[in-house]
Amino acid sequence: MAKRIEDTELTRRDLLAGAVGAVGGAMLAGLPATLGGQQGAAAPSGAPARPTVPADATKLQGGATTPLGARSAFEAPSRAPYGETTGSSLTPLQDLAGNITPSDLHFERHHAGIPALDPERHTLTIHGLVDRPLSFSLDDLKRFPQVVRPYFIECSGNGRGAFRDPKPDLTAQKVAGMLSTSEWTGVPLATLFREAGVKPKAKWFLAEGGDACLMTRSVPIEKAWDDAIIVWAQNGEALRPAQGYPMRLLLPGWEGNINVKWLRRIELGTQPWMTRWETSKYTDPLPNGTARQFTFELDAKSIITSPSHPDTIGERGWHAVNGIAWSGRGRVTRVEVSVDGGRSWANAELLGESSPKSTVRFQYMWDWKGGEAVLLSRATDEAGFTQPTRTALIAERGLGTDYHFNQVVGWKVERSGKVLFHGET
Amino acid sequence: MRMTRVRRVLLGAMLGGSLAAAGCDGGATAGASGTGGERAATAGAASGAATGATPVRFADYDGGAVPGGPGAGRHYGIGIRATAAAITKMDRDIGPDGAELPAGTGSVAEGGALYKAQCAMCHGVNGEGMAPAFPRLSGRDPAAEGFKFASDPKLPHTIGNYWSHATTLFDYIRRAMPHVAPGSLTDDQVYALTAYLLAKDDVIAKDATLDAAALRAVKMPYADRFVPDDRRPNAPK
């Protein structure tokens, strides 16, 4: 919903600049620059930031073939990193239009930097309460029957800022960008557990990563028998280093941190280990002076990504309001949209089949008459959870609670068409 | 498939494992112990998964029921046996009952000196931390006592006013700190730093010395405040 940009007449100089910038193929080396391809190139210095392209793309040959695909020079989605070895970088939800997050835009969160691991030296060892302690190389894992499934990963701290301090200048990326969805390929952990012969006494397992903090989380064994996967591929290719290359644990629908990356060891035992990441962190204080522990599932949640701040709606009339919804408890069964700040709600359309513990896109057609409006979305999942308002969530958990922020959020549209974050629901 | 013989030998050597154990110990004897006692694997369940219907639990369909597989109740024989020595080298975690705590000892005073030299530059001389990257470790704010954290996001969590187990502190320092050189501390040093940080937050005496038995006996002030997840449908809880 960005403002329409008028076509610009390009000068001959622009044209040359654009073409020259893209020449690179040896095959084209002997050709005049203007024939050398026409991918948009960064604007010459001093010129406006828009890439330059030929005035008429049908009148000269296009760009050469390339070993790696690159985005159009007109598109520059990027994560918003902050912090270094203990930092994170957020997915630009407002720039995405499907369920799958391109791998280079998947959010990152790590506690001791991204380790550089050689897949030929990395192994996964399963031991503890098993009949046969085993070590698997990456190649070993690939010999087992595989599963390919779409799941989201969300950090359970996603949206803390928007919950505690809902400022109007927040973007969809800042509000909910620690959420990404991939198609994952791997071997069910249940298969490996059968291979090692898990003893009936085992009730929990510890998953340990091979990064510089040896990240450890305890997991109830039932999750392995249900849907846990050791994945090595994401969106059809090897995992990205920031996503756990060469292998990570994937616990569908559960808080991001427990999907241990760079997985090197799984130990089976009788009780949780009470690691730092399940005591000092990832516990949820409540107003009654207690804190919930092992709050694994991520609750039903949604966000409208278009329009969103900093868009300006240029024209009155029909607009597709769309966004993304998800739940760690199964399928999203319904998404409702309100255009009047929550006084009335209407069902949005779900785009495609809702897949369990994955994201689903939704849309609602809105005829903007030019007045002030507040657009909100509200998801319900098959477990019967519906997103609460922020007021209700604060009443139940307190403003100081630390994780699982799934309150209803949206956008205020001003008469000028300006779109601002609306978090005080 | 790309695993060459040479690679497997190297891997075996790396893990201290013997080739004889490689991937084929004892054949098909998995039996019920690995299945969690759940419903039997059936071809129907497997094909349900294959056609994209509701995914069934992995316990139910891939226990040998995958087409062409070894058959229900059997296993694939892939992977190499991990030796006790290789496991001991990696397995350094300390559970809540402290059963795995190593030999060694360290005093609050020794911990104080170590803290000044190796920790204070990031966590502050008094454990006050440096926002946003370096967490506060100690310095209990009276306003936060009574586990009041939900009411005010600004109330600082510290080891003494929040952590549920002293063993966690030992385990975490040993595996992850100091941030610039994780894994570099001796067990004595970890005992000393654990003692220092616990004493700093009034959990143990200022002249205490910790070893495995003493650390096992430490009870954290708010250990009883942690409750299981009781979120329910259709309530914001």
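The values are calculated or read from the model by the stated rules, or taken from the named source; none is laboratory data. Remember, it's a predicted structure, so these values are computed and weren't measured experimentally. Note that each Cβ is placed from the backbone with ideal geometry, even for glycine, and that neighbours are counted across all protein chains shown. What goes into the accessible areas is simple: the full protein's heavy atoms, side chains included, and nothing from ligands, DNA or RNA. Shrake-Rupley method; radii C 1.70, N 1.55, O 1.52, S 1.80 Å.
Can you tell me which of A:Glu237, A:Glu222 is out of contact with any Leu (no Cβ under 9 Å at 6 or more places or on another chain), more than 19 Å from B:Asp91 (Cβ to Cβ) and within 11 Å of chain B (Cβ to nearest Cβ)? So that I can check it myself, show each step before the final result.
On the way: A:Glu237 fails: within 11 Å of chain B (Cβ to nearest Cβ).
Just a single option satisfies the conditions, and that option is A:Glu222.
For the stretch B:178-225, enumerate the residues that are under 19 Å from B:Pro135 (Cβ atoms), within 13 Å of another protein chain (Cβ to nearest Cβ) and not aliphatic (A, V, I, L, M).
Residues satisfying the conditions are B:Pro178, B:His179, B:Pro182, B:Thr194, B:Asp201, B:Pro221, B:Tyr222.
Find the helices (runs of 4 or more DSSP H) located wholly in the stretch B:28-94 whose residues include 3 or more that are farther than 30 Å from B:Gly183 by Cβ and at pLDDT 65 or above, and list them.
On the way: elements: B:43-50, B:58-61, B:84-90.
Here the list reads B:58-61.
Any idea which residue in the stretch B:140-166 is farthest from B:Ala208 (Cα to Cα), counting only those that are part of a helix (DSSP H, G or I) and within 7 Å of chain A (Cβ to nearest Cβ)? Can you show your working first?
Applying the first criterion (part of a helix (DSSP H, G or I)) to the stretch B:140-166 yields B:142-144, B:149-151, B:159-162, B:166.
Right, trim to within 7 Å of chain A (Cβ to nearest Cβ) and you get B:149-151, B:162.
Values: B:Phe149: 29, B:Ala150: 33, B:Ser151: 34, B:Tyr162: 21 Å.
My answer is B:Ser151.
On the given criteria, is A:Ile126 modelled with pLDDT of 95 or more, buried (at least 18 other Cβ atoms within 10 Å of the Cβ), under 18 Å from the mean Cα position of the chain (by Cα) and not charged (D, E, K, R)?
On the way: modelled with pLDDT of 95 or more: yes; buried (at least 18 other Cβ atoms within 10 Å of the Cβ): yes; under 18 Å from the mean Cα position of the chain (by Cα): no; not charged (D, E, K, R): yes.
So A:Ile126 fails the test.
List, please: which pairs have Cβ atoms under 8 Å, are six or more places apart or on different chains, and start with a residue in the stretch A:263-278 that is facing another protein chain (nearest Cβ under 9 Å) and end with one that is of a type in the set (Ser, Thr, Tyr) and open to solvent by 20 Å² or more (accessible area, probe 1.4 Å)?
A:Thr275/B:Tyr172; A:Arg276/B:Tyr172
Could you please let me know if A:Phe385 is in contact with a Phe, Trp or Tyr (Cβ under 7 Å, 6 or more places away or on another chain), touching a residue at least 24 places away in the same chain (Cβ under 8 Å) and open to solvent by less than 30 Å² (accessible area, probe 1.4 Å)?
On the way: in contact with a Phe, Trp or Tyr (Cβ under 7 Å, 6 or more places away or on another chain): no; touching a residue at least 24 places away in the same chain (Cβ under 8 Å): yes; open to solvent by less than 30 Å² (accessible area, probe 1.4 Å): yes.
So A:Phe385 does not fit the description; no.
Kindly indicate which of A:Gly371, A:Gly342, A:Gly323 is in a loop (DSSP other than H, G, I, E, B), of a type in the set (Gly, Ala, Ser) and either at negative phi or within 22 Å of the chain's Cα centre (by Cα) (or both). Lay out the reasoning, then the answer.
On the way: A:Gly342 fails: either at negative phi or within 22 Å of the chain's Cα centre (by Cα) (or both); A:Gly323 fails: in a loop (DSSP other than H, G, I, E, B).
Within the list A:Gly371, A:Gly342, A:Gly323, the selection yields A:Gly371.
Restricting attention to the stretch A:136-154, which residues are buried (at least 21 other Cβ atoms within 10 Å of the Cβ), facing chain B (nearest Cβ under 7 Å) and closer than 20 Å to B:Arg74 by Cβ?
A:Phe136, A:Asp140, A:Phe144
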